[in-house]
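Written below as structure tokens is the structure these notes are about.
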Amino acid sequence: DGVRGDLVEWAFTSEVLGGIERKVTVYLPPGYRESENEYPLLIVHDGGNWLRQGLLNNTIDNLAGKRMQPLVVAFLEPRDEWWLEAGGTGTDAHARMLVEELVPLLDARLRLRKGAQARGLMGTEGYGLAAIYAALEHPDVFGKVAMQSVQTGHGVEDAGMERSERQPKADLDIYLDWSRWEIRNLDNGIDLGEESRRLAEALRAGGYELAGGEVLDSAGWSGWRGKS
């Protein structure tokens, strides 16, 4: 029943991804248009589902200015072949698209704070892996990353973990959670609880500190929405 932020829809053509169109819905916090303030940025993967099923804009409205600072959120829609960028063979190109195209576009159009610690990435399942991959590969651009129920089996888990070992430890704030009763399909080698635990262990082995961990909650959108 309080003030609410605005949602605006944009599209841009990604040359990094071969000229495909990408869509993004941008959340502007209450008072953005009337103020001259600069805001931190959060990029949310699978953005349409986070608006429709995650209701993340409602959560931000309810918490911003109370338990969290106001921020701008870019809800990025997945490409048609989403699995390529969500931990698959297109994950590196996806990370470059974020750095070379989406962040400069948002910086040019919006009043955003500069610097890695003012930018965060968020994702679930394969997009959780895409988020940590981009943060490890581009720590000069992204300083915060949040993941839930990560799926690591689309092809770049080893490459992502090699980055955490090969590169000097970046100044990253990392959050990762998963449910004790996670999504599982053992016939197809899917166990998001075990995959999330392995990712957490690999990051800790690389010297990173993580917030979050295993929670007693349901799997899927009801759990992700409640912990966002």
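Each value in this text was obtained by applying a stated rule to the coordinates, not by laboratory testing. Keep in mind it's a predicted model, so treat the numbers as computed, not measured. Note: ideal-geometry Cβ built from the backbone for every residue, glycine included; neighbour counts use all protein chains shown.
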*Cβ under 15 Å from residue 227's Cβ, residue 227 left aside: what net charge do those residues give with Lys, Arg +1 and Asp, Glu -1?*
-2
_Computed [θ] at 222 nm, deg cm²/dmol, the chain (DSSP H ≥ 4; -39,500 (n - 2.57); rounded to nearest 500)_ = -9000 deg cm²/dmol
*Taking +1 at the Cβ of each Lys and Arg and -1 at the Cβ of each Asp and Glu, which of 99, 50, 115 sits farthest along the dipole of region 1-157 towards its positive end, judged by Cα position relative to the Cα centre?*
115
*For region 49-135, alpha-carbon Rg and Dmax in angstrom*: 13.8, 41
*Net charge near residue 114, counting Lys/Arg +1 and Asp/Glu -1 over other residues with Cβ under 11 Å of its Cβ?*
+1
*What angle do you read, to the nearest 10 degrees and between 0 and 90, between the alpha-carbon axis of helix 125-137 and the longest principal axis of the chain?*
80
*asked:* Run the count for the chain, please: Lys pairs, Cα-Cα under 27 angstrom, 8 or more apart or on different chains.
replied: 10
*Take peptides 80-92, 114-126 and line them up by average Cβ neighbours within 10 Å, highest first, as a rough protection proxy.*
114-126, 80-92
*Rg/Rh for the chain: what does it come to with C-alpha atoms and Rh from Kirkwood?*
0.95
*So if R0 is 41 Å, what FRET efficiency would residue 96 and residue 62 give, r being the distance between their Cβ atoms, rounded to the nearest 0.05?*
0.75
*For region 1-111, share of DSSP beta bridges that run antiparallel, in % to the nearest 5*: 70
*Globularity ratio of region 1-51, using Cα Rg and 2.2 N^0.38 Å*: 1.40
*Roughly speaking, what % of Cα-Cα pairs in region 167-228 are separated by over 17 Å, rounded to a whole number?*
45
